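Asker: Quick one: the structure is below, and I'll ask about it shortly.
Only the coordinates and a few stated rules stand behind these numbers; no lab work does. Keep in mind that this is a model prediction, so the values were computed, not measured. Cβ: placed from backbone, ideal geometry, glycine included. Neighbour counts: every protein chain shown.
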Amino acid sequence: LLLGYALFTVPFAFAMAALITGRLDDWWIRSTRRWTLVAWFFLTLGNLFGMLWAYRVLGWGGYWGWDPVENAAFMPWLTGTAFLHSVMIQQRRGMLKVWNMVLIIVTFSLCLFGTLVTRSGILSSVHSFAAGASGPLFLALIALVLMGSLSLVWTRLPGLRSEHELDSMVSREATFLGNNLLLVGAAFAVFWGTIFPLVSEAVRGVKVGVGPSFYNQVTGPIFLALIVLIGVCSLIGWRKASMENLLRNFLWPSILAVAVAAALYLLGLSPAYAVLAFASLAFVGATILLEFYRGVRARHRHGENYLVALPRLVWRHRPRYGGYIVHAGVLLLAMGIAGSQMFSASAEATLAPGESIEIRGYTLTFNDEGLKESSGSSSMKVTATLDVSRGGEHIRSIDSSKRLEGQAQEPVTDPGIWTRRSPSLEPVPWLGLPGDDLYVVLGGLTEDGKATFKVFVNPLVSWIWVGGVVIVAGALMAFWPDAREEARVPVRRWQPGREVETSHA
């Protein structure tokens with residue numbers, strides 16, 4: 001995460017250089033494209049590893065708790081994603097120049113804010129470092145960056161005018177703008193929720209925080225709309241989409257989405273927004289597959305075998321198809337989040353050895369051996385085993401433990417996690433996809449050998465990690481150096497009043 005924060009300094013610095021020198025074309029965007037992609041890549045990687053760490057190590061049954069440090073890492077990712085998409089409009093149509101400047105300023109400022117939250121301790125977090133005295137200095141730096149950079153934008157407004165107007169609301173430019181507004185809106189909602197304890201303390205003298213339900217209710221509809229726009233943005237025409245373009249590109253994906261929604265509804269899947277979410281995922285997945293199919297078919301018409309055409313197509317157009325692969329990864333991640341958020345279940349019980357707890361058709365029995373203690377030179381560990389059965393048939397055993405390390409005052413919980421590879425999505429069990437997790441947390445212990453267990457069933461959660469791997473692969477492909485592209489790009493040596501262009505080769 002900190003590497004991602006640091007790397008966003010490069011596009012910000014180039015943007016400031018463009019404003020200072022008055023060179024306001026898209027040279028600074030072209031010059032920093034890979035820097036921006038690499039910064040976004042490391043922010044993505046940091047957020048994914050943070051989710052995995054929270055899920056595997058913290059032992060509370062989830063992967064995203066809307067913690068202040070999590071939020072501080074997520075906000076520049078949102079605005080950085082908006083920036084990556086918005087600059088395409090400037091490069092192609094000469095539009096959104098002011099917007100792009102503001103986006104990179106906000107993204108860099110949020111990177112500074114993330115460092116402030118992580119290092120200063122102004123907001124309590126399980127992810128933050130020890131509190132330091134750097135808070136006022138960071139606040140002063142953020143204020144200086146915002147005031148200085150926005151003042152530069154204000155002085156250069158005449159040179160940042162768009163070269164073209166938005167021709168139609170039914171166009172790729174309009175959908176990209178909608179994408180940007182939704183991403184920035186989500187970032188603002190997360191920012192407001194994050195700083196609300198500070199605002200409430202300043203106004204009322206008492207820190208009052210907002211819980212995960214606030215973030216879920218506000219950002220949930222925004223992210224669903226963003227998922228749909230992923231499918232629309234990639235296929236809709238530039239400037240003004242014709243009816244022929246809309247029918248050719250969206251008829252079959254729309255039919256598939258309606259069919260999926262109808263099938264899920266008839267099979268009893270509820271609530272309604274779950275049906276809408278999975279239908280939207282089907283729509284976007286179909287648009288991505290359609291784009292790959294058309295590219296492969298075009299190469300096949302020139303004599304290439306389908307199996308050869310696909311890798312060659314992707315490799316020769318890495319930025320474009322790398323982006324599509326990232327979108328596919330986002331879909332898989334969204335599917336995992338939707339399944340685990342909408343259909344998860346939990347149960348808690350205090351058990352003696354031999355007693356059981358039931359959840360979603362599973363029976364988990366506290367092993368007759370009871371609590372098992374072990375110790376090392378500077379640690380002590382207590383382990384409990386639950387035997388898992390379904391329909392009277394023993395499936396496996398899951399261990400969960402508590403560790404006390406060194407001079408620590410609080411024990412560390414090691415959850416037991418089993419990923420089931422067969423369907424179990426409720427309320428239609430056979431509709432589930434592989435990736436359901438049975439998650440066991442060992443809680444309190446009693447002197448008579450009893451233990452409190454909290455058990456979660458998290459459907460589809462493994463698809464989050466699969467989606468993360470796909471996103472990383474797509475991002476690596478998108479910014480992988482292209483020798484042919486490098487040879488075509490001229491090197492420009494700029495001097496005040498004139499520009500000298502020379503061949504790269």
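Asker: Suppose the chain between L157 and E369 were pulled fully straight at 0.36 nm per residue; how much longer would it get relative to their current alpha carbon spacing?
Answerer: Numbers: separation 212, 0.36 × 212 = 76.32 nm, distance 7.40 nm.
Length difference between fully extended and current span is 68.9 nm.
Asker: Oh, and also: So how do R301, R93 line up by other beta-carbon neighbours within 10 Å, fewest first?
Answerer: Numbers: R301 9, R93 19.
Least to most surrounded, the residues fall as R301, R93.
Asker: How high is the FRET efficiency from L146 to A274, r the C-beta distance, R0 56 Å, rounded to 0.05?
Answerer: Values: r = 41 Å, r/R0 = 0.73.
FRET efficiency, L146 to A274: 0.85.
Asker: Sticking with this one: Per residue, how much space in cubic angstrom lies within the convex hull of the C-alpha atoms of the chain? Present the calculation step by step, with values, prior to reporting the outcome.
Answerer: On the way: hull volume 104.2 nm³, N = 505.
Per-residue hull volume (Cα only) is 206 Å³.
Asker: Now, a different point. Taking θ = phi - 60°, what integer Hz values does the Karplus form 6.51 cos²θ - 1.76 cosθ + 1.60 yield along segment 357-363, in sequence order, with x for Gly and Pro?
Answerer: After applying 6.51 cos²θ - 1.76 cosθ + 1.60, I find 10, 10, 7, 6, x, 8, 10 Hz.
Asker: Would you calculate the separation in nanometres between label points at R390 and D25, each defined as 7 Å from the Cα along the Cα-to-beta-carbon direction?
Answerer: Taking the simple label geometry, R390 and D25 are separated by 6.2 nm.
Asker: Next up: Give, rounded to the nearest 20 debye, the magnitude of the charge dipole that segment 1-132 has about its Cα centre when Lys and Arg contribute +1 at Cβ and Asp and Glu contribute -1 at Cβ. Please report the intermediate quantities before stating the final value.
Answerer: Working: 9 positive and 4 negative charges, 85 e Å.
The calculated dipole for segment 1-132 is roughly 400 debye.
Asker: Please figure out what share of the DSSP beta bridges in segment 253-392 is antiparallel and state it in percent, rounded to the nearest 5.
Answerer: Working: 13 of 13 bridges.
Once the DSSP bridges in segment 253-392 are tallied, antiparallel ones form about 100 percent.
Asker: Next question. How many percent of DSSP beta bridges within the chain run antiparallel, rounded to 5? Mind showing how you got there, number by number?
Answerer: Details: 52 of 52 bridges.
Taking every DSSP beta bridge within the chain, about 100 percent pair in antiparallel fashion.
Asker: Please give the charge dipole size of the chain, origin at the Cα centre, charges +1 on K and R Cβ atoms and -1 on D and E Cβ atoms. Round to the nearest 20 debye. Could the numbers behind the result be given before it?
Answerer: Values: 41 positive and 34 negative charges, 478 e Å.
In total the dipole reaches around 2300 debye.
Asker: Can you give the angle from 0 to 90° between the axis of helix 135-155 and the longest principal axis of the chain, with both taken from C-alpha atoms, to the nearest 10?
Answerer: Orientation of helix 135-155: about 30 degrees from the principal axis.
Asker: Using 7 Å Cα-to-Cβ label points, what is the Y306/E410 separation (nm, one decimal)?
Answerer: 5.6 nm
Asker: So if R0 is 45 Å, what FRET efficiency would R403 and L289 give, r being the distance between their Cβ atoms, rounded to the nearest 0.05? Spell out each step's value before the answer.
Answerer: Details: r = 46 Å, r/R0 = 1.03.
After rounding to 0.05, the efficiency reads 0.45.
Asker: Continuing with the same structure: Under the classification rounded if a/c is under 1.5, otherwise prolate if a/b is larger than b/c and oblate if not, where does segment 1-49 fall, given a ≥ b ≥ c as square roots of the Cα gyration tensor eigenvalues?
Answerer: Working: a/c = 4.73, a/b = 2.51, b/c = 1.89.
In terms of gyration-tensor shape, prolate.
Asker: May I pose another question? Classify segment 142-217: rounded, prolate or oblate, from the alpha-carbon gyration tensor (a ≥ b ≥ c, eigenvalue square roots; a/c under 1.5 rounded; otherwise prolate if a/b is larger than b/c)?
Answerer: Details: a/c = 4.80, a/b = 1.52, b/c = 3.16.
It is oblate, given that a/c is not under 1.5 and a/b is not larger than b/c.
Asker: Roughly how far apart, in whole Å, are the Cα centres of segment 84-121 and segment 244-315?
Answerer: Centre-to-centre distance over Cα atoms comes out at 32 Å.
Asker: Among H164, H85, H317, which comes first, then next, by fewest other beta-carbon atoms within 10 Å?
Answerer: Values: H164 12, H85 18, H317 15.
Lowest count first: H164, H317, H85.
Asker: Mind checking which of W64, L78, G46 is farthest towards the positive end of the chain's charge dipole, using Cβ charges of +1 (Lys, Arg) and -1 (Asp, Glu) about the Cα centre?
Answerer: Result: L78.
Asker: What is the spin-label model distance, in nm, from A473 to S378 if the labels are put 7 Å beyond Cα along the C-beta direction?
Answerer: Placing both labels 7 Å along Cα→Cβ, they lie 4.2 nm apart.
Asker: Also: By how many degrees, between 0 and 90 and to the nearest 10, does the Cα long axis of helix 9-21 differ from the longest principal axis of the chain?
Answerer: 20 degrees
Asker: Between W252 and E355, 0.36 nm times their residue separation minus their Cα-Cα distance comes to what?
Answerer: Values: separation 103, 0.36 × 103 = 37.08 nm, distance 5.30 nm.
Here the segment from W252 to E355 would lengthen by 31.8 nm.
Asker: Same structure, new question: Counting only Cα, what are the radius of gyration and maximum Cα-Cα distance Dmax of segment 91-236, in Å?
Answerer: Taking only Cα atoms of segment 91-236, I get Rg and Dmax of 18.6, 52 Å.
Asker: Taking the Cα centre of the chain as the origin and placing charges on Cβ (Lys, Arg +1; Asp, Glu -1), which of L438, L235, A282 is farthest toward the positive end of the dipole?
Answerer: My answer, from the dipole projection, is L235.
Asker: For every helix of n ≥ 4 consecutive DSSP H residues, a contribution of -39,500 (n - 2.57) applies; sum these over the chain, divide by its total residues, and give [θ] at 222 nm rounded to the nearest 500 deg cm²/dmol.
Answerer: Values: 15 runs with 285 residues, N = 505.
Computed ellipticity for the chain at 222 nm equals -19500 deg cm²/dmol.
Asker: Mind checking which of S213, T350, F453 is farthest towards the positive end of the chain's charge dipole, using Cβ charges of +1 (Lys, Arg) and -1 (Asp, Glu) about the Cα centre?
Answerer: My answer, from the dipole projection, is S213.
Asker: Taking Cα atoms, how many degrees apart are the long axis of helix 462-478 and the longest axis of the chain, rounded to 10 and kept between 0 and 90?
Answerer: 20 degrees
Asker: Hey, another quick one. Which of M147, M51, M380 has the fewest other C-beta atoms within 10 Å, and how do the rest follow up to the most?
Answerer: On the way: M147 10, M51 20, M380 13.
By the 10 Å Cβ count, ascending: M147, M380, M51.
Asker: Mind checking which lysines have their C-alpha under 26 Å from K454, skipping anything on the same chain fewer than 8 residues away?
Answerer: K372, K381, K402
Asker: Still on this model: Take the Cβ-Cβ distance between V206 and L445 as r, set R0 to 25 Å, and report the resulting FRET efficiency rounded to the nearest 0.05.
Answerer: Numbers: r = 35 Å, r/R0 = 1.40.
Between V206 and L445 the formula returns 0.10.
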